[in-house]
Amino acid sequence: MMLPKNAIQLFLSCIITFTSVIGVRGNVDDEDDEKSFTTQVTFIEMYSVIIFIITVYYIGHIGTLIGLPPLVGHVFAGIFLGPPLLNFVPYVKALVLTGEIGLTLQMFEAGIEVDVALLRNSGTRAILMSITSAMLATGTGISVGILFGLDFQGAYAIGATFAQTGNAVCLPVLRNAGLMSTHVGQMILAATVIDDMIALTLLSVLLSFVSDQSPSVIDYFIPCISSIGSLMILGVFAIFLAPLIIDNHILPKIPNKLKKFVLFLMMVVVAAAYLPLLRYIKASYLIGAFLSGATFSQVKSAHNMFLANGTDVITWLNMLFFACTIGFQVPIKLFFGNRKVWILGSSLIFTAVAIKFVSAVFVPKLQDVEKGSIYNHHRRNQLVTGVAMTCRGGFGLLIAASALSKGIIDAETYASIILAILFGILVPPFILNFVIERYNKLRLKKLDQDSENSQNSKSDGKMNLFVHLHVETRGEWGLVEKLTKKMSSADLVVERVEISNSRTVNTNRINDLYIRDNATTISQSKETNIGNERETFLTRSNMVKEEKMVEKRIQDILNLALKEMKQFGATEVEITQYNPYNANDTLDALVLPRRNGQEPSLEFFSNMFEIFDKDGDGHIDIDVLRSGMIDANFDISDEGIDVLLKSMDKDCNNIISFEEWNTVIEKKIVLKKKERRFSYIGTMDKNIRSSTLMHIQQLSENDLEDLMEDY
């Protein structure tokens, strides 16, 4: 990972500053006032800190190579090199303090990343899923604690520890799998944001237990009321008023060259005010950090500036949080030979950790599952959601550490909690990866079957009609579910759903539905079978007849959708025909001109094949082709890659030879040059509009024959 120079400088400055302060405080001679003005660190101390930081970073990086979140490596590095085992690191308190600063900035980042449109669009399902799973985990943890003989405060500390879902653990897995833009990914993301707020509130209540006197009932409720009240009042200000004030009344008066400086200064001022304010009213100062960030979440320039300049710094400080603030406080020695730790820890794993799997019941059924299909999209979404919500993260470790430092729980209970949380950090990501990969294989297998059925099973050369429905609405929840059910009644199968929106409050929700029409079949075009000998051509009259039939069917589908969208305030609706098995479209993505304007040559693609063919045997299979396309940054879907393989694989052995690759690529390059002569009708089989037929009718017989030869 490339690190910006200023990130490293700031990070090292924090370390040196705090180690120097602690060094002075630990070595000042009270009888010599002059020494109080000096700061001294030894070479060994400085060298040890540098070795520690580098080791923590690389152990975290190694963890990612085996599918673990980097925080796992950071925690284990802290355990191994810190006080729990080798005690190699000097200035432990300074490093822990730096980690606490990292946590504060992490909560600020969580606030500035709040996507109000996402929360609004996710609706009641995400809210109910988050609240239900958090309360179940908290209640289960409290029950287990009471069963093991803890008082209410100790049992509550256990429950609060397991309320939050570890978004730093599950979201990277979903992002790498390309699920963040899907309905289920956005639902999980929204739920984790709400989880953060719930966990912050529970932490505020936990801190109220710490007192020289026994707290009264009202003392328990004050932090809860303060936390919820501040989130509501200051949250409304942050979302609705702050953007108007900053964008309309402050930034326009600031010269462009000073805007970044002023924005940063405003962030510092707001954070400096909110942190002590929230602590003063008995809520957690971390809520203040969260609300400070949320104040700038809807200010686009502030959000972009923070992402560009602050993310890398927070990444490094978070590394110190997990390694030092958490890793230094893991009682690793209690894991050996202590039966109580393992019994209580195991009980928490199978109850407080596992209970969040019930989140799966809140996943809506967005796509129909055909009878006998090997791929069940709804079941995949349920498993992905359930496993993702069982992930745990660093915030739970912080709550447990706070409870231990204040004497609410003992060391054995703390060790049991740590054991359960480490399980929630280590195991669910592996299960989540396995579930995603397993269902991806089933989806690709089903894709192969559908492709073969489309191209080979019908003797008349027919295939199903496929359409892409693009809808932009105000953002109310339930449109996709309603459309899916209505489509199903008309023998239409929604095969894929993609959802997106901008960050603003009054944003539109963008829904893309990819639909297969089981009631309509059309003729396969030549580009569907490019590279193969069997090709289907239509006479001019049949082509026009089929185009009219397709246009009418698509209009019927559009009318069906429009009837269901009246209550959702649709601002834009577009429907187009597409072919998921169209090798021509896939090859188009490959032969587009490069950024420098040059068109890729056959030599370019020959070199590409040699790069893909790492073992040098002159052949590549679909897995190699897929990974190679991803590494080469080609934006091609799994369907496109599957079609690409079939279009090139003339001998049907599911392997592409160098000769097969070059033959099809060369043919496509030649065809692409000829297609430019008819670029104004190049999309005639995709975008269904009346002008398309007019363009076809204006062609002469010779032009039509030339066009058919090109295809």
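The values are calculated or read from the model by the stated rules, or taken from the named source; none is laboratory data. Model, not experiment: these values are computed from the prediction. As a convention, Cβ positions derive from the backbone with ideal geometry for all residues, glycine included, and neighbour counts pool all protein chains shown. These area figures cover heavy atoms from the full protein model, side chains too; ligands, DNA and RNA do not enter into them. Shrake-Rupley method; radii C 1.70, N 1.55, O 1.52, S 1.80 Å.
Scanning segment 292-322 for residues that are out of contact with any Leu (no Cβ under 6 Å at 6 or more places or on another chain), of a type in the set (Phe, Trp, Tyr) and open to solvent by less than 10 Å² (accessible area, probe 1.4 Å) returns a single hit, Phe296. Among the conditions (1) in contact with a Leu (Cβ under 9 Å, 6 or more places away or on another chain); (2) at pLDDT 85 or above; (3) part of a helix (DSSP H, G or I), Leu258 misses just one, which is (1).
The requirement of being closer than 21 Å to Leu203 by Cα and buried (at least 20 other Cβ atoms within 10 Å of the Cβ) is satisfied by Ile409. For segment 310-349, taking the residues that are out of contact with any helix residue (DSSP H, G or I) (no Cβ under 6 Å at 6 or more places or on another chain) and among the hydroxyl-bearing types (Ser, Thr, Tyr), the one that is farthest from His61 (Cα to Cα) is identified as Ser346. In segment 354-364, the count of residues that are among the polar types (S, T, N, Q), buried (at least 16 other Cβ atoms within 10 Å of the Cβ) and touching a strand residue (DSSP E or B) at 6+ places or on another chain (Cβ under 6 Å) is zero. Annotation: Val205 fulfils all but one of (1) closer than 30 Å to Gly154 by Cβ; (2) open to solvent by 30 Å² or more (accessible area, probe 1.4 Å); the unmet one is (2).
Arg392 meets the conditions (1) in a helix (DSSP H, G or I); (2) open to solvent by less than 10 Å² (accessible area, probe 1.4 Å) in every case but one. The failed one is (1).
Working carefully through the options Ile228, Ile194, Ile233, find the one that is assigned to a helix (DSSP H, G or I), modelled with pLDDT of 90 or more, more than 19 Å from Ala400 (Cβ to Cβ) and open to solvent by 20 Å² or more (accessible area, probe 1.4 Å).
Values: Ile228 fails: modelled with pLDDT of 90 or more; Ile194 fails: modelled with pLDDT of 90 or more.
Sole residue among the options that is assigned to a helix (DSSP H, G or I), modelled with pLDDT of 90 or more, more than 19 Å from Ala400 (Cβ to Cβ) and open to solvent by 20 Å² or more (accessible area, probe 1.4 Å): Ile233.
Enumerate the pairs (first residue in segment 114-139 and farther than 21 Å from Ala294 by Cβ and in a helix (DSSP H, G or I); second residue anywhere and at pLDDT 85 or above and of a type in the set (S, T, N, Q)) with beta-carbon separation below 7 Å, excluding pairs fewer than 6 apart on the same chain, so at least 6 apart or on different chains. Qualifying pairs under 7 Å: Met129/Ser359; Ser133/Ser359.
Restricting segment 533-585 to residues that are crowded, with 18+ Cβ neighbours inside 10 Å and of a type in the set (S, T, N, Q), the residue that is modelled with the highest pLDDT is Gln577.
Kindly indicate which of Gly67, Gly60, Gly99 is touching a Cys at 6+ places or on another chain (Cβ under 9 Å) and either part of a helix (DSSP H, G or I) or modelled with pLDDT of 50 or more (or both).
Numbers: Gly67 fails: touching a Cys at 6+ places or on another chain (Cβ under 9 Å); Gly60 fails: touching a Cys at 6+ places or on another chain (Cβ under 9 Å).
Selected residue: Gly99, the only one of Gly67, Gly60, Gly99 that is touching a Cys at 6+ places or on another chain (Cβ under 9 Å) and either part of a helix (DSSP H, G or I) or modelled with pLDDT of 50 or more (or both).
When restricted to residues that are of a type in the set (D, E, K, R) and in contact (Cβ under 8 Å) with a residue 12 or more places away in the chain, segment 413-446 contains 3.
Quick check, is Asp196 over 30 Å from Arg379 (Cα atoms) and among the acidic types (Asp, Glu)? It is false that Asp196 is over 30 Å from Arg379 (Cα atoms) and among the acidic types (Asp, Glu).
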